[in-house]
Amino acid sequence: MNSIASVGNYLIVNAEEIAVEIVEYVLEKIHADIPDWELAN
């Protein structure tokens, strides 16, 4: 498998985890205080 396909597959398999990490990082950077009940699934 070429490297672009490998990266694409990794992103597909780990999309939810990556998205959560990005959101948490952004919220931390803007010093947002989101109530826990808002974050619940």
**Prompt:** Is it the case that Tyr10 is open to solvent by 100 Å² or more (accessible area, probe 1.4 Å) and either in contact with a Leu (Cβ under 9 Å, 6 or more places away or on another chain) or at pLDDT 95 or above (or both)?
**Reply:** yes
**Candidate set from segment 13-41 (those that are of a type in the set (D, E, K, R) and at pLDDT below 85); member that is most open to solvent (accessible area, probe 1.4 Å)** = Asp33
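The values are calculated or read from the model by the stated rules, or taken from the named source; none is laboratory data. Source: prediction; values computed, not measured. Here the Cβ is made from the backbone with ideal geometry for all residues, glycine too, and neighbour counts use every protein chain on show. Remember, those area values only see protein heavy atoms, side chains included, never the ligands or the DNA or RNA. Shrake-Rupley method; radii C 1.70, N 1.55, O 1.52, S 1.80 Å.
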